[in-house]
Each structure stands twice: as C-alpha cells, then as structure tokens.
Amino acid sequence: MKIAIVCYPTFGGSGVVATELGIELANRGHEIHFITYRQPVRLALLNSNVHYHEVNVPEYPLFHYQPYELALSSKLVDMVKLYKIELLHVHYAIPHAYAGYMAKQMLKDEGIILPMVTTLHGTDITLVGNHPFYKTAVCFSINKSDVVTSVSQSLKDDTHKLFNIKKDIHVIPNFIELNKLRNETSISCHRSVMAKTDERIITHISNFRKVKRIPDVIQIFNKIQQKIPAKLMMVGDGPEKAQAEQLCYDLEIQNKVIFFGNSNEIDKILSYSDLFLLPSETESFGLAALEAMAWSVPVISSNSGGLPEVNFPGQSGFLSNVGDINEMAENALKILSNNETLAAFKVNALEVAKQFDIKNILPLYEDLYKKALQNSL
C-alpha cells in the first residue's frame, strides 16, 4: 500500500507513535509518505520506502495566524496525485482530520477516492477538542473519517461522552519495539555516572505540564529517599520544570535529583532505571510507562485514564488514586526495598510490555487499512 501519514513532528507521544508505525510499515514493504511541517523527531530517512514532504506555510501580512490547515490540505492533494497515494492516516483529530477531510473533498472532485483513517491520541479529544471553539469541527472531522481508532478503551469512552460520534471507534493500543539493542555490558559500566552502587535510580519522563503532577513526582521521591538511598532522573521540559527545581531546593534534595531537559538518550536512561513514576492527573494511554516497562522498569502510576490498561498492579507495578503520594511512595518501597522483589517486578514489567510489541499491534492497523480500501471501491 501507498500510505500518507500526517502527525505532529515533535517529542510528544502521538508523533512518536505515528513515526514508529510508519517506519515499521515501510519495513514490511509499504510505501510511506510523512507529510508535516517538519521532519519527525524519530524519522531517519534511511529506508527506500520512507518519504518526507514538508508543508510550507507562506507568511502573508493579511493573516494574523498562518493557515496551516489550508497549506496541509493542499499539500496532501498534490502528494496524493503525484505519488498515487492510496490511503491517508492522520494522527490527532485537529487540525489533521479536518485538513484530511478537505483534501478528500478536493480529490473527490477530480475522481480520486482517498480513504482516511483517524487515530485519536488524547488531548485532541479531552482538552483541545472539547473546547467550544473547536468541538463542532472535531466532531464533524471524526464522523467524516472512514475509520477511527483510539489508543485506549478509556479514550474511546471519553470520546463518546464528549462528542456525538456516529462512527465505530476501534481500540488499537500504543506500542513499543522490543528489538532494540540492549547492551548489558555497556549499561553496567555507565550506571555509575548517575548513581552510586547502593542507590536506586528512579525516573520520570514527560512534557512537564500541570496534568503530569510534577510536584507529586518530587514528593513521592522525597519519601522514598528518606527510607533508602536513591536518585531521581527528571527527563523532559515544560512549564512546571522551574517549580520542580525550586521544590527540590526547598526539600533540600537538589543533590539527589538530575534534570536532563529534553534528551535523545531516553533508552539509555531507562536502561539504568529501577523504577518509573507517572502520577498523572490523566493519561490517554501511558506510553511513557510502556517504554519504561520495555526496559524492565516497573511503574508506580495513578489509576487514571488508560493507565490501568497498560500498568498491571502487582505485575508491572502498582496503581493508586490521583494525588495519593503516600500510597505511591509505600508501593515504590515495596518494590525497591528488596533485591529479589525488584528483580521479579523487572521481569514481569517486560513480560507485560511484550503484549504491546509493535509486531502484535501493526497487523491491527493493516487490517483496518485493507477494510478502508475495500469499502472505498
């Protein structure tokens, strides 16, 4: 198949998922065309089946805000005609599904039928999409998609609560690749850079927005380090970072916390980690938790949104109510205080993660692509 993928080319989960999906589809022989305003972060153009087309938005004094949707839909039409693209897969309802629908209509006038698959990732539904300014357009775009998927049952339920959706929504969870090289010798040699031999390494990775409850991460770690030697790795950047740094100074634990900012070495950091903290207000799925589990890192998380669908209590970690930092710290200590218990949780975390391997998830998308193409005939 010749498939166009539209996504945000950023560090965010939806962009990463879309990019990894496209790369794996290309590895399976499909011709993939990424169409966006910048090359996706994780996209390396080293595959003859992978193509990238940049959307340029001309700047005109007339426009207070540059019309990206217009430029994107026009680019989609041009690329579909030029490369004979058969199917469009957009990630994020707005603006991508909206621009995709406009492209479909323009192509239809020229006798070209382009099926569109829309994947819902979270904030496009629960936050941005539910805003009164956008809600009507988001609902319209979803209903006009040929196939709709969501990354969790929780997000599917939220979508039906917030919008009058007439389409069936297929739940296809996010995924990870378990074929990445894990050089254990390298890992053991470099762990000492971040922590002493007797210190547990605890990690948090996010975009440091309020919904991630960054102060809870710091407070949970503070309770842990009062009981056992530990270091906290804070990976990411965002509006809550400065406050988090100040809180570490207030608690006098600044020498036990490392702030990395955005990093391209997430896999290496996770490979050293003993525990992952994700006490979010909500998560549509919890991709960061899954990536940690893929590196045999158990997870302490809230029980909100899609997290119970990926973090299995007593196996890959524990779930607690949002804001219950005392229970989260207690559960963390249950895992970390005993070497044998920690080792067992590490093994189980990886076993749970294997269920979400891309080789198990990708055929679900391929089946939907085929159905969309068949229905368009």
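The values are calculated or read from the model by the stated rules, or taken from the named source; none is laboratory data. Keep in mind that what you see is a predicted model, and the values were worked out from it rather than measured. Glycine gets a Cβ as well: all are built from the backbone with ideal geometry, and neighbour counts include every protein chain shown.
What the table shows:
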read-out: Which listed residue is closer than 23 Å to THR197 by Cβ, touching a strand residue (DSSP E or B) at 6+ places or on another chain (Cβ under 8 Å), buried (at least 21 other Cβ atoms within 10 Å of the Cβ) and at pLDDT below 95, from LEU336, LEU270; value: LEU270
read-out: Residue in the range 115-138 that is modelled with pLDDT of 90 or more, within 27 Å of GLU24 (Cα to Cα) and not in a strand (DSSP E or B) present; value: yes
read-out: Condition check for SER271: in a helix (DSSP H, G or I), among the small types (Gly, Ala, Ser) and over 30 Å from VAL117 (Cβ atoms); value: yes
read-out: Restricting the range 27-49 to residues that are buried (at least 18 other Cβ atoms within 10 Å of the Cβ) and over 22 Å from ALA99 (Cα atoms), the residue that is modelled with the lowest pLDDT; value: LEU43
read-out: The range 155-185, residues that are hydrophobic (A, V, I, L, M, F, W, C), more than 16 Å from PHE356 (Cβ to Cβ) and at pLDDT below 90; value: LEU162, PHE163, LEU181
read-out: Set VAL322, VAL352: member being surrounded by 14 or more Cβ atoms within 10 Å (Cβ to Cβ) and not in a helix (DSSP H, G or I); value: VAL322
read-out: Search result, residues across the range 276-308 that are among the charged types (D, E, K, R) and surrounded by 21 or more Cβ atoms within 10 Å (Cβ to Cβ); value: GLU283, GLU291
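Table: residues versus (1) assigned to a strand (DSSP E or B); (2) over 18 Å from SER301 (Cβ atoms); (3) outside the structural domain of TYR92 (by TED's automatic domain parsing).
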| residue | (1), (2), (3) |
| --- | --- |
| SER192 | no, yes, yes |
| LYS196 | no, yes, yes |
| THR203 | yes, no, yes |
| PHE208 | no, no, yes |
| LYS223 | no, no, yes |
| GLY238 | no, yes, yes |
| GLU281 | no, no, yes |
| SER284 | no, no, yes |
